Structure formats: C-alpha cells, structure tokens
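Participant: Take this structure first; my questions come after.
The values are calculated or read from the model by the stated rules, or taken from the named source; none is laboratory data. What you see is a predicted model, and the numbers here were worked out from it, not measured in a lab. FYI the Cβ positions are ideal-geometry reconstructions off the backbone, even for glycines, and counts take in every protein chain you see. Heavy atoms of the whole protein, side chains included, go into the accessibility calculation; ligands, DNA and RNA do not. Shrake-Rupley method; radii C 1.70, N 1.55, O 1.52, S 1.80 Å.
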Amino acid sequence: MPSIPILETARLRLRAHTLADFSAYCSLWADPLVVKYIGGKPNTPEEVWSRLLRNAGHWSLLGFGSWLIEEKSTGEFIGESGLFDYHRGIDPPLTSPEISWILAPAAHGKGYATEAVTAVLAWGAHRFTVNEVTSIIDPDNTASLRVAEKCGFEPNRTTIYRESPVLLLTHRLHN
C-alpha cells in the first residue's frame, strides 16, 4: 500500500485513518447534522466500517483517497476530506476526481473546512495530471457552497444523483 502523506496547515493535520479512529468516525457519520445533506440518514457502525475500508482501498488501488482531519493543538478528530473516484451513477459521468469534506458540528464555522480543502487541492495539483476536480453539493447546503466558493470552485451543472438534485462544481488544478 502506498504511503499516505500527512498534510499540515497552520491549525490542522490531515493524516491516514487508523483502526483506532473507528469510534470517533462512527460518531461523526451517525450525527444527523453531519449527514443532513449527504443522504440524510445517520450511518450505522457497519456502514461506517465499509466507508473506512473504502477509504483504505482508494489509497491502495488509486494512490489517493481520504484524510482524517485533526486539530494540531489538541489532536482532536474533527472530520475528513479527500479525493475520490466513486464511479457514481451520474449522467454524463464524472471525468475528474471528486473532492469532499465533512466536519463534526463542533468544528463548523471556524474556517477548518476551507483550510483542509485548500491543503487537499494543493496536494492534488502536484499529484494529478488532470486539470480539475469536481465537488458534488446539495443545493441547500449553503455552508459547503461557501467553502467551495472560497476555494475557487465554479458551478458546472445541476444534475440528479440518487433521485435528488445536486450541484456539480469544478476547481481548476492547473492553469
């Protein structure tokens, strides 16, 4: 398995998930506020376990994936962000890696998402030869739309995913 790099910002450390993170990861994905715009249903521990394994598989098979986000000053788990290829059932299909971010409610409103996404984009710009990454955001998720705007994402199109409208936004990695 390739080595998963550690990304550091002024306040955050983005690192590989470990088995020791499972309990905190379960709490994150079981929180109704966290999943409100991501399917709307809290995840069971079984679903979270599959998610954790899927993250490891991304790194192993594709050389990119998700990072766990923790506060540098406390070491506290606050969320995750990363780059993916989920082969989503979207028509037309995505042709670039997908980026996402998710933070625990206690970490909302502190600029952490923007800070983490900026670090992931910088890493992706050095890793990928593709020109852009895509983010899929629920049109009602104003907080994530603000993060996307701050990070330079531009609206691409509206489409349907799992019977719900979503916005596809793109960010150019290379000019």
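Participant: How far apart, in nm, are the 7 Å Cα→Cβ label points at D140 and L19?
Facilitator: With each label placed 7 Å out from Cα toward Cβ, I get 4.0 nm.
Participant: For the stretch 147-175, list residues with backbone N below 17 Å from a point placed 7 Å from the Cα of R11 toward its Cβ?
Facilitator: Answer for the stretch 147-175: 147-148, 150-151.
Participant: Here's another thing I want to ask about it. For a quick size check, give me the Cα extents of the stretch 23-63 along its three principal axes, largest first, whole Å.
Facilitator: 31, 20, 14
Participant: For I38 and S50 in one chain, what is 0.36 nm times their gap in residues minus the Cα-Cα distance, to one decimal in nm?
Facilitator: Net length gain for the segment: 2.7 nm.
Participant: Using θ = phi - 60° and the Karplus relation 6.51 cos²θ - 1.76 cosθ + 1.60, list the HN-Hα couplings for the stretch 26-37 in order, rounded to whole Hz, with x at every Gly or Pro.
Facilitator: For the stretch 26-37, the Karplus curve yields 4, 4, 4, 6, 8, 6, x, 5, 5, 9, 3, 9 Hz.
Participant: On to the next question. For the stretch 113-127, in order, what is each residue's ³J(HN,Hα) by Karplus, 6.51 cos²θ - 1.76 cosθ + 1.60 with θ = phi - 60°, in whole Hz (x at glycine and Pro)?
Facilitator: Couplings: 4, 4, 5, 5, 5, 4, 5, 5, 4, 4, 4, x, 5, 8, 8 Hz.
Participant: Lysine pairs in the stretch 14-164 with Cα distance under 24 Å, only those 8 or more apart or on different chains: how many are there?
Facilitator: Values: K36/K110; K36/K150; K72/K110; K72/K150; K110/K150.
The number of close lysine pairs in the stretch 14-164 is 5.
Participant: Relative contact order, percent, of the chain when contacts are C-alpha pairs under 8 Å separated by at least 6 residues?
Facilitator: Value for the chain: 18 percent.
Participant: Here's another thing I want to ask about it. Mind sorting out which of (1) 2, 8, 15, 19, 19, 13, 8, 6, 5, 3, 1, 0; (2) 1, 7, 14, 15, 14, 13, 11, 10, 7, 5, 2, 1; (3) 1, 8, 17, 22, 23, 18, 8, 2, 0 is the real P(r) over Cα pairs in 5 Å bins from 0, in percent computed from the coordinates?
Facilitator: (3)
Participant: Moving on. Work through the residues other than E47 whose Cβ is under 12 Å from its Cβ and net out their charges, Lys, Arg +1 and Asp, Glu -1.
Facilitator: Within the 12 Å Cβ shell, the charges total +2.
Participant: Calculate, for the chain, the solvent-accessible area per residue in square angstrom, rolling a 1.4 angstrom probe over the heavy atoms of the protein chains. Show your work: numbers first, answer last.
Facilitator: Values: 9240 Å² over 175 residues.
Here the residues of the chain average 53 Å² of exposed surface.
Participant: On the protein heavy atoms, probe 1.4 angstrom, tell me the percent of accessible surface of the chain carried by carbon and sulfur.
Facilitator: Numbers: 4990 of 9240 Å².
That fraction is 54 percent.
Participant: Also, quick follow-up: With springs only between Cα atoms under 10 Å apart, run a GNM on the chain and tell me which of S60, S27, S73 wobbles the most.
Facilitator: Ranking S60, S27, S73 by mean-square fluctuation puts S73 first.
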